[in-house]
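The values are calculated or read from the model by the stated rules, or taken from the named source; none is laboratory data. As the structure is a prediction and not an experimental result, all values here were calculated from the model. Cβ placement follows ideal geometry from the backbone for every residue including glycine, while neighbour counts extend to all protein chains displayed. Each accessible area value is taken on the protein alone, full model and side chains, heavy atoms only, with ligands, DNA and RNA left out. Shrake-Rupley method; radii C 1.70, N 1.55, O 1.52, S 1.80 Å.
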Amino acid sequence: MPNLLSLLADGMILLIIIVLIILLLFWRWIMRRLVKKIGKIILTDSYQENLMELIPGFKHMGIQNILENSLRAETGDVLHRPLGSSKKWPHFDPITFIPAQTAPFPIDGQEEVDVTVTIGPKAEKPLKLKIPLIISGMAYGIALSEEVRIALARAAKNTGTAINSGEGGILPEELDAAGKYILQFSKTEWSKEETLIKRADMIEIKLGQGALVGMGGKISPKNLTGRARNIMGLKENEDAVIYEHFFQNQTLENLKELIEELKNISGGVPIGAKIGAGGKIEEDIDHLIELGVDYIAIDGGQAATHGAPPILSDDFGIPTLHAVVRAANHFEKKQIKGQVSLIVSGGLFVPGHFLKVLALGADAVYIGSAMLFTVSHSQSTKPLPFEPPTQVVWNQGKYKNQFDLEAGATSAEKFLTASVEEMKMALRAMGKHSLKDLSKKDLVSYEELTARMIGIPFSFEPWVGSETK
């Protein structure tokens with residue numbers, strides 16, 4: 001029997017060698033025959049039988065739409081797409097900064113630039129940050145793993161900024177690791193203990209977000225496992241429920257009372273609210289001002305989340321660019337600039353985006369998806385080629401146990417540091433010693449409509465200086 005197996009093995013090896021030799025000797029002839037055969041099929045089969053029917057089909061419907069419709073047909077349930085809308089929203093790329101070259105002159109590269117910010121200046125205990133970039137709320141358990149949350153918290157502390165809890169559970173280790181902590185007060189049963197409220201450096205009442213607007217959801221036990229369930233106080237087979245309201249028959253007066261209660265319990269830290277940017281953004285801002293908030297966080301329509309129904313991500317909300325311009329203009333109209341802070345998020349990925357949002361009137365920027373990919377950095381290759389890169393950061397990810405916390409914290413810290421240094425360089429190039437000197441007067445646009453709607457010069461037209469106006 002062993003001799004027979006040995007002969008079979010030798011025979012297989014010999015056969016493989018023969019096949020390889022044939023391929024080497026006749027590969028050109030084989031390729032010509034193959035191409036000729038395939039070409040004939042493609043060029044002569046009717047459209048209904050032709051594989052190339054996929055080309056006009058994909059162009060007509062789009063690959064993503066075909067994929068998502070197939071998933072709907074498979075499950076019969078609402079889709080939950082990660083990482084936000086894939087629509088082409090109006091964005092910040094057509095806007096550029098005006099350099100200082102003749103008068104004023106650029107600032108020397110060795111001179112320090114002040115990029116510190118204060119959120120909620122009228123609160124008893126304003127939140128003071130060394131940089132204007134804040135790590136957005138990406139929930140533990142519901143979205144991110146324990147190790148990723150702690151890595152992000154360390155990066156926030158080491159760069160002098162804050163991290164938002166998101167609407168998941170609150171890890172004790174994360175609280176210990178973070179320098180400044182923003183507690184997101186969400187429409188949930190968990191993360192509302194008085195000890196957490198007293199420990200927070202800022203509290204954010206989540207009324208909505210860009211990808212999900214004001215809607216809630218349910219997370220089944222199979223999609224939320226491990227320590228997160230204990231942290232959130234969930235029973236063995238209990239769904240994690242995110243509600244649409246804080247109160248039954250909710251009113252603005254209910255929310256006003258909630259804000260007052262949080263101010264009292266917290267000892268006077270800034271209390272704000274987060275909303276998704278919508279078509280009635282000015283009305284939403286007016287309501288929040290009446291509630292007595294110290295800051296407003298506005299999430300543009302292209303913002304992402306761990307999973308949201310495509311109809312909410314793609315077909316609700318307004319672009320972040322429109323949102324920040326309208327919000328800043330309304331702040332000026334209501335004369336609350338410098339009293340109520342404005343934080344903006346949604347589709348902001350690079351230092352240029354961050355600085356343009358600040359120039360247009362935001363006091364700080366929330367960063368979400370960009371942090372997700374930088375905290376994983378080179379570790380994002382671990383799930384490839386058979387799983388998406390995010391499987392290394394999600395709490396339910398197949399590769400979450402391979403995430404290196406120390407490496408993640410270092411990568412996230414370096415990203416924030418590099419981004420701020422680029423922003424400082426841009427401020428020096430505009431002749432500015434401080435972020436506070438930046439405004440939309442430092443911007444132009446090469447799109448005429450964008451320039452007109454924002455109220456900045458169109459780059460094809462001659463500059464009209466203030467002395468000639």
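Here are the numbers for the structure shown:
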item: Partners for LYS337 among lysines (Cα-Cα distance below 19 Å; same-chain residues under 8 apart left out); result: LYS122, LYS125, LYS128, LYS274, LYS356, LYS436, LYS440, LYS441
item: Kirkwood hydrodynamic radius over Cα pairs of segment 289-391, then Stokes diffusion coefficient at 20 °C and 1.002 mPa s, in µm²/s; result: 140
item: Cα-based convex hull, segment 92-199, per residue volume (Å³, whole number); result: 174
item: Sequence of GLU173, GLU189 from largest to smallest accessible area, 1.4 Å probe; result: GLU189, GLU173
item: Accessible area of the chain belonging to carbon and sulfur atoms, whole % at 1.4 Å probe; result: 58
item: Backbone HN-Hα couplings from phi across segment 121-136 [Karplus 6.51/-1.76/1.60, Hz, Gly and Pro as x]; result: x, 8, 6, 5, 10, x, 8, 9, 10, 6, 9, x, 9, 10, 6, 6
item: Per-peptide average of other Cβ atoms within 10 Å, ordering 337-345, 386-394 highest first; result: 337-345, 386-394
item: Only Lys, Arg (+1) and Asp, Glu (-1) charged, at Cβ; the chain dipole about Cα centre in debye; result: 1160
item: Heavy atoms of ASP437: accessible area, 1.4 Å probe, square angstrom to 10; result: 90
item: Rounded to the nearest 20 debye, dipole of segment 324-469 from Cβ charges on Lys, Arg, Asp, Glu; result: 400
item: Additional length obtainable on full extension of the chain from MET12 to THR225, 0.36 nm per residue less Cα span; result: 71.9 nm
item: Antiparallel DSSP beta bridges within the chain, percent to nearest 5; result: 30
item: Under Karplus coefficients 6.51, -1.76 and 1.60, residue-wise ³J(HN,Hα) of segment 31-40 in Hz, glycine/proline x; result: 5, 4, 4, 5, 5, 4, 5, 5, x, 5
item: Rg(Cα)/(2.2 N^0.38 Å) for segment 241-360, N = residue count; result: 1.12
item: Separation of alpha-carbon centers, segment 190-230 and segment 82-156, rounded to whole Å; result: 22
item: Label-point separation, SER378 to MET31 (7 Å along Cα→Cβ), nm; result: 3.6
item: Options (i) 23.2; (ii) 19.7; (iii) 34.1 - which one matches mean projected area of the Cα convex hull in nm² as calculated here; result: (iii)
item: Helical mean residue ellipticity (222 nm; -39500 (n - 2.57) per DSSP H run of 4+; nearest 500) of the chain; result: -13000 deg cm²/dmol
item: Additional length obtainable on full extension of the chain from LEU67 to GLU290, 0.36 nm per residue less Cα span; result: 75.8 nm
item: Folded to 0 to 90 degrees: helix 252-266 orientation relative to the chain principal axis, Cα; result: 80
item: Accessible area of LYS198 in the full protein assembly, 1.4 Å probe (Å², nearest 10); result: 120
item: Contact order normalised by residue count of the chain, Cα under 8 Å, 6+ apart, percent; result: 20
item: Solvent-accessible surface (1.4 angstrom probe) belonging to TYR399, in square angstrom, nearest 10; result: 60
item: Solvent-accessible ranking of PHE415, PHE331, PHE349, largest area first, probe 1.4 Å; result: PHE349, PHE415, PHE331
item: Largest to smallest accessible area among HIS306, HIS330, HIS80 [probe 1.4 Å]; result: HIS80, HIS306, HIS330
item: Listed peptides 122-131, 62-71 by packing density, highest first (mean Cβ within 10 Å); result: 122-131, 62-71
item: Per-residue ³J(HN,Hα) for segment 363-374, Karplus 6.51 cos²θ - 1.76 cosθ + 1.60, θ = phi - 60°, Hz, x for Gly and Pro; result: 8, 7, 10, 8, 10, x, 4, 4, 5, 4, 7, 7
item: Farthest positive-ward along segment 354-406 dipole, Cα basis, beta-carbon charges - from TRP394, HIS377, PHE354; result: TRP394
item: Accessible surface, per residue, of the chain when the full set of protein chains is kept, probe 1.4 Å, Å²; result: 53
item: Shape box of segment 141-225 [Cα atoms, principal axes, largest first, Å]; result: 34, 26, 25
item: Amide hydrogen neighbours beyond the local backbone of ILE205, cut-off 5 Å, H modeled; result: PHE185, GLY272, ALA273, LYS274
item: Nearest 10 degrees, 0 to 90: helix 63-75 Cα axis against the chain principal axis; result: 80
item: Around GLY278: net Lys/Arg minus Asp/Glu count, Cβ-Cβ under 14 Å; result: -3
item: Within-12-Å neighbourhood charge of GLU421 [Cβ basis; K, R +1; D, E -1]; result: +1
item: Theoretical gain in end-to-end length, LYS192 to ILE22 [0.36 nm per residue, Cα-Cα removed]; result: 54.0 nm
item: Other-chain or far-sequence residues with amide H under 5 Å of ILE131's (modelled H); result: VAL117
